[in-house]
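Have a look at the structure below, then the notes.
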Amino acid sequence: MTITSEETPPGWLGTGTVPGLCRPDAPGTGIHAYLTEHRAELRALLAQRGALLLRGFDVGGVDGFDQTVRAFSGTPPLAYAERSSPRSTIKGQVYTSTDYPPAEEIFLHNENSYQAVWPRTLYFYCVEPPTTLGATPLADIRRVLAAIDPQVRAEFEARGWQVVRNFHTGFGVPWQEAFNTSDRDAVVAYCAERRIEAEWRPDGGLRTTAVRRAVHRHPVSGEEVWFNHATFFHTSTLPEEVGAGLRAIFDDEDLPTHTFYGDGGTIPDEVLDHLRGCYRGASVRFDWQRDDVLIVDNMLAAHAREPFTGPRRIAVAMAEPSDA
Ligand SMILES: [Fe+2]
């Protein structure tokens, strides 16, 4: 087993603890066999480094990727519930990465950190690399937390944060798609179970409000991590013209997705600028190569998507449900 964790691979920008790079000793080594054989060491390394990039292995296509997830997580991949972004199913519980316009960046985030339950481990598989850019940048959220102004952190620790989502009729992702059902009672039951307040709107739409913690402890190491969607879901993190357009149409509480402090108070713009700077300062990136598999500890590393040109097909799977 070769784990090149300290050297900087070509195309890597910035410095950071993520990710560790694993290469096979012999060409053509099957990833499933490799992960099965070295599972304990690799899981320990993942809990330390936050992410592992497995490069140069024989993956065996989407079926092999699915088997890899099962072998490494010990459980089948999860279904993608409470959707906030469009994805297509490739096969079973293997999805495309977000179907989002190629010219737009997707900001750093920890998958489903706005939910009561989130996946502990994420898997990305490069089926078809992009022509330019299109990386999945990573940021160690221990580093993000360490970079945050202590006063800003204290404010979030005292008040928590809140995400408000408005599923308007005829605008954005409809609630039926987000919740995978058109049964209102099922949505209400789903929300109640997950500490989400659900409110039906006169236009047939839905508003949901969830209050969550901003700082969590990693379940293995006990380290504190900045694990939330307060920055990602704030309208000011959208491309400027998109955010301005939305704010011209909607009041803050009616925005499709927006964040506040846990008590409903406005998060000042300068705080959001500061938080975005902390994420970006911790960000590292690499260029995708065909058959790369990236395993991410979702409670140690945030991920993003660069804009890109060319085909870019990245399969995604999520596993190991976890909660606070
Ligand atoms: Fe994501």
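The values are calculated or read from the model by the stated rules, or taken from the named source; none is laboratory data. All values reported here derive from a predicted model rather than from experimental measurement. Heads up, the Cβs are rebuilt from the backbone with ideal geometry, glycines too, and the neighbour counts pull from every protein chain shown.
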Identify, please: which residue in region 108-123 is of a type in the set (A, V, I, L, M, F, W, C) and surrounded by 21 or more Cβ atoms within 10 Å (Cβ to Cβ) and is, among those, farthest from the ligand (Cβ to nearest atom)? Trp118
Met299 meets each of (1) part of a loop (DSSP other than H, G, I, E, B); (2) away from the ligand (no atom under 15 Å from the Cβ) with one exception, condition (2)
Total residues in region 29-53, condition part of a helix (DSSP H, G or I) and farther than 22 Å from Val284 by Cβ: 10
Yes or no: region 240-254 includes at least one residue that is more than 16 Å from the ligand (Cβ to nearest atom) and outside any helix (DSSP H, G or I). yes
Among the candidates Asp287, Asp273, Asp263, residue that is part of a loop (DSSP other than H, G, I, E, B) and modelled with pLDDT of 95 or more: Asp263
Just one of the numbered conditions (1) modelled with pLDDT of 95 or more; (2) under 21 Å from Leu138 (Cα atoms); (3) not in a loop (DSSP other than H, G, I, E, B) is not true of Thr231; which one? (3)
Expected single match for away from the ligand (no atom under 13 Å from the Cβ), in contact (Cβ under 8 Å) with a residue 60 or more places away in the chain and in a strand (DSSP E or B) among Val163, Val144, Val152, Val173 is Val163
Inspect region 84-104 for any residue being within 16 Å of the ligand (Cβ to nearest atom), part of a loop (DSSP other than H, G, I, E, B), among the acidic types (Asp, Glu) and at pLDDT below 95 and give the result as yes or no. yes
Using beta carbons and a limit of 6 Å, which pairs, at least six apart or on different chains, have the first residue in region 116-135 and on the phi > 0 side of the Ramachandran plot and the second one away from the ligand (no atom under 13 Å from the Cβ) and among the hydrophobic types (A, V, I, L, M, F, W, C)? Leu133/Phe308; Gly134/Phe308
Would a scan of region 242-257 turn up a residue that is charged (D, E, K, R) and within 29 Å of Phe124 (Cβ to Cβ)? no
If I ask for residues that are among the small types (Gly, Ala, Ser) and surrounded by 19 or more Cβ atoms within 10 Å (Cβ to Cβ), which ones from region 265-324 would you list? Ala282, Ser283, Ala301, Ala302, Ala304, Ala315, Ala317, Ala319
Filter region 176-213 down to residues that are free of Cβ contacts under 8 Å to residues at least 60 places away in the same chain and part of a loop (DSSP other than H, G, I, E, B) and give me whichever is surrounded by the most Cβ atoms within 10 Å (Cβ to Cβ). Gly205
Just one of the numbered conditions (1) out of contact with any helix residue (DSSP H, G or I) (no Cβ under 7 Å at 6 or more places or on another chain); (2) at pLDDT below 95; (3) of a type in the set (A, V, I, L, M); (4) more than 22 Å from His258 (Cβ to Cβ) is not true of Ala146; which one? (2)
